[in-house]
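S.K.: Sharing a structure with you now.
The values are calculated or read from the model by the stated rules, or taken from the named source; none is laboratory data. Predicted model, so just to flag it, every value in this text is computed and none were measured. Positions of Cβ are backbone-derived with ideal geometry, glycine not excepted, and every protein chain shown enters the neighbour counts.
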Amino acid sequence: MTQQRGITVYDRIYPHLFESKEKNGLSEKDEEVRQRFLLAYNMKLNDPLKPDKEVAQELQSQFGISRSLAYLDIANVERLFGSFKKSHKEYIRHIVTETQKEVISHELTRIRKDPSLGSKNLSYAVKVLAEANNLDKEDMQDLPYDKLQPPIPEITDDVTASDLEDEVDDESIEKLKKKYMSLVKKDSQDAEIIEGDQ
């Protein structure tokens, strides 16, 4: 995104996203970006399963922007409002739940009228309702956070305690010492001595 004095277009538009053009005080460029965000938002809100490709094509045709910019706008809209697929999943879960409640109510009424009728439909409706609401799975148990302890590292200067190589001999230890000592020497040679007022 383009930047102006450390603030991105996204940062400038976010507080004014749902304000009218007259009230928001955005520049023409920022107003166009706001309009693109709103179009992407409304398209995804109306049909959360609409592929990003279709939304991107609509943004490209209406605003004459590149494909990559259209996908960037979609990503920014999802960053603002979260994933639309999750809200759609919740909506589907709600529909399934309400439908199964009606089926269960209908089946119970039917069975009360004639107890000799089977309860196969009732059992299936209860099963679907339980699965839709994850009632068929165990609840996640909270971890006993007060009893958890982080690992306590053992600090040592013994090279043989490391798991770098299975067999550590004096020759490889000397190579490592020379390598790191040369780096330390190089760094210390490059350092500047700063003399201050004392």
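S.K.: Here are Leu17, Leu59, Leu72, Leu45: which of them is within 30 Å of Ile92 (Cβ to Cβ), more than 23 Å from the chain's Cα centre (by Cα) and aliphatic (A, V, I, L, M)?
M.R.: Values: Leu17 fails: more than 23 Å from the chain's Cα centre (by Cα); Leu72 fails: more than 23 Å from the chain's Cα centre (by Cα); Leu45 fails: more than 23 Å from the chain's Cα centre (by Cα).
After applying the criteria, what remains is Leu59.
S.K.: Of these, Glu131, Glu171, which one is modelled with pLDDT of 75 or more, surrounded by 10 or more Cβ atoms within 10 Å (Cβ to Cβ) and outside any loop (DSSP other than H, G, I, E, B)?
M.R.: Going through Glu131, Glu171 in turn, the sole match is Glu131.
S.K.: Within segment 75-90, is even one residue over 26 Å from the mean Cα position of the chain (by Cα) and either more than 17 Å from Ala125 (Cα to Cα) or in a helix (DSSP H, G or I) (or both)? Give the steps one after another, and end with the answer.
M.R.: Taking segment 75-90 first, the residues over 26 Å from the mean Cα position of the chain (by Cα) are none.
No, segment 75-90 contains no residue that is over 26 Å from the mean Cα position of the chain (by Cα) and either more than 17 Å from Ala125 (Cα to Cα) or in a helix (DSSP H, G or I) (or both).
S.K.: Looking only at segment 5-28, count how many residues are part of a loop (DSSP other than H, G, I, E, B) and among the polar types (S, T, N, Q).
M.R.: The total comes to 2.
S.K.: Give the residue that is nearest to Asp136 (Cα to Cα), with candidates limited to residues of segment 98-125 that are touching a helix residue (DSSP H, G or I) at 6+ places or on another chain (Cβ under 7 Å) and assigned to a loop (DSSP other than H, G, I, E, B).
M.R.: Checked segment 98-125; the qualifying residue nearest to Asp136 (Cα to Cα) is Ser119.
S.K.: If I ask for residues that are among the hydrophobic types (A, V, I, L, M, F, W, C) and either surrounded by 15 or more Cβ atoms within 10 Å (Cβ to Cβ) or part of a helix (DSSP H, G or I) (or both), which ones from segment 29-61 would you list?
M.R.: Answer for segment 29-61, where residues must be among the hydrophobic types (A, V, I, L, M, F, W, C) and either surrounded by 15 or more Cβ atoms within 10 Å (Cβ to Cβ) or part of a helix (DSSP H, G or I) (or both): Val33, Phe37, Leu38, Leu39, Ala40, Met43, Leu45, Val55, Ala56, Leu59.
S.K.: Looking at the structure I just gave you, is Asp30 of a type in the set (Asp, Glu), out of contact with any Gly (no Cβ under 9 Å at 6 or more places or on another chain) and under 30 Å from Glu131 (Cβ atoms)?
M.R.: When the stated conditions are applied, Asp30 does not pass them.
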